[in-house]
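The values are calculated or read from the model by the stated rules, or taken from the named source; none is laboratory data. Everything numeric here is computed off the predicted structure, so don't read it as measured data. In this analysis, Cβ positions are derived from the backbone assuming ideal geometry, glycine residues included, and neighbour counts consider all displayed protein chains.
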Amino acid sequence: MCKIKIAILDDDIDWIESIKLYLNSCEDISIVGTAVNRQDLSELLQERKDIDIVLLDIILNQNKYDGIYIAAEILHLYENLKIIMLTCLNEEKSIIDSFTAGAINYVLKTDYKQIPYTIRTVFNRCCPTEILAKSFAKQQEEKMLDILTKSEREIINLIQQGYTQSKIAKILYKSQGTLRCQINKIIKKFGVSSSKEAVEKITMRGFYKNKS
């Protein structure tokens with residue numbers, strides 16, 4: 001039997017051990033790695049390219065949004081990975097933000113017996129929330145672009161495709177000076193320090209922490 005390979009990120013070590021024991025009792029599920037912080041998870045994902053799903057706690061280090069930011073970062077780098085958020089909070093905003101970040105589903109920790117079922121439905125692509133979650137995340141990404149003019153959206157779209165500024169200037173028939181001015185306006189609107197960071201912020205649907 002081909003097992004569903006799971007990674008867990010949670011800063012509660014005791015809870016990790018308990019849920020590992022519970023999930024490893026399932027014949028079709030295998031916990032291939034655990035992490036207690038973002039760096040640990042990043043190293044695990046680089047080492048194990050076969051992970052199917054990450055179970056990710058929303059609240060890490062007493063910060064309500066740490067898990068959500070990490071989910072957005074992970075999915076920016078690993079588009080095919082699926083994330084199920086774990087939470088003690090049955091709070092509408094946290095749940096909406098989880099879907100905005102790109103998570104496919106969420107499970108309350110108190111309902112841990114639902115985790116195997118949720119894992120299976122997500123893995124087998126028969127999870128009704130997956131289509132809705134992806135559609136919702138796309139809508140949120142589009143909403144972020146509303147602050148841009150039509151011309152600025154054309155520029156950011158070409159930057160997302162990997163074109164250099166000189167190539168973009170030729171495609172859009174703009175001078176280098178005009179293009180730089182427009183890119184600077186885009187950077188200012190998104191509150192970042194470069195066009196690359198602006199693209200990352202859009203892709204991560206706002207869940208982006210400035211590197212500066």
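Which residues, counting only those in segment 168-200, are of a type in the set (Val, Ile, Thr), buried (at least 18 other Cβ atoms within 10 Å of the Cβ) and modelled with pLDDT of 90 or more? Even if it seems obvious, please write down each step before you answer.
Taking segment 168-200 first, the residues of a type in the set (Val, Ile, Thr) are 168, 171, 178, 183, 186-187, 192, 199.
Filter again for buried (at least 18 other Cβ atoms within 10 Å of the Cβ), leaving 168, 183, 186, 192, 199.
Correct list: ILE168, ILE183, ILE186.
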### Summary
GLN160 passes all but one of the listed conditions (1) touching a residue at least 40 places away in the same chain (Cβ under 8 Å); (2) within 16 Å of SER194 (Cα to Cα); (3) buried (at least 17 other Cβ atoms within 10 Å of the Cβ); the exception is number (3)
### Query
Out of all the residues in segment 88-107, which are under 11 Å from ILE68 (Cα atoms) and either modelled with pLDDT of 85 or more or not polar (S, T, N, Q) (or both)?
ILE95, ILE96, ASP97, PHE99, ALA101, GLY102, ALA103
#### Entry: Filter result for LYS49 (within 20 Å of GLY33 (Cα to Cα) and of a type in the set (Lys, Arg))
yes
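Can we say ILE58 is among the aliphatic types (A, V, I, L, M), under 23 Å from PHE123 (Cα atoms), in contact with a Gly (Cβ under 7 Å, 6 or more places away or on another chain) and surrounded by 15 or more Cβ atoms within 10 Å (Cβ to Cβ)? Show your work before the answer.
Values: among the aliphatic types (A, V, I, L, M): yes; under 23 Å from PHE123 (Cα atoms): yes; in contact with a Gly (Cβ under 7 Å, 6 or more places away or on another chain): yes; surrounded by 15 or more Cβ atoms within 10 Å (Cβ to Cβ): yes.
Considered against the rule, which asks whether it is among the aliphatic types (A, V, I, L, M), under 23 Å from PHE123 (Cα atoms), in contact with a Gly (Cβ under 7 Å, 6 or more places away or on another chain) and surrounded by 15 or more Cβ atoms within 10 Å (Cβ to Cβ), ILE58 comes out as yes.
With respect to THR110, determine if the residue is surrounded by fewer than 18 Cβ atoms within 10 Å (Cβ to Cβ) and modelled with pLDDT of 85 or more. So that I can check it myself, show each step before the final result.
Working: surrounded by fewer than 18 Cβ atoms within 10 Å (Cβ to Cβ): yes; modelled with pLDDT of 85 or more: yes.
Here the answer is yes, as THR110 does meet what is asked.
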### Query
Somewhere in segment 114-125, is a residue at pLDDT below 90, buried (at least 18 other Cβ atoms within 10 Å of the Cβ), within 22 Å of ASP11 (Cα to Cα) and not assigned by TED's automatic domain parsing to the domain that holds LYS189?
no
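With segment 15-117 as the region, which helices (runs of 4 or more DSSP H) entirely inside it contain at least 3 residues that are in contact (Cβ under 8 Å) with a residue 40 or more places away in the chain and within 11 Å of the chain's Cα centre (by Cα)? It would help to see each step written out before you state the result.
Numbers: elements: 38-47, 66-77, 92-101.
Because the criterion is at least 3 residues that are in contact (Cβ under 8 Å) with a residue 40 or more places away in the chain and within 11 Å of the chain's Cα centre (by Cα), the helices (runs of 4 or more DSSP H) in segment 15-117 that meet it are 66-77, 92-101.
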### Message
Between a residue in segment 181-197 that is in the same structural domain as GLY162 (by TED's automatic domain parsing) and any residue that is basic (Lys, Arg) and surrounded by 15 or more Cβ atoms within 10 Å (Cβ to Cβ), which pairs come within a Cβ distance under 8 Å, given they are 6 or more apart or on different chains?
### Response
GLN182/LYS174; PHE190/LYS201; VAL192/LYS201
#### Entry: Counted residues, segment 1-30 - those being among the β-branched types (Val, Ile, Thr) and surrounded by fewer than 19 Cβ atoms within 10 Å (Cβ to Cβ)
1
### Task
Test ILE68 against the stated conditions and say whether it is among the β-branched types (Val, Ile, Thr), at pLDDT below 90 and crowded, with 17+ Cβ neighbours inside 10 Å.
yes
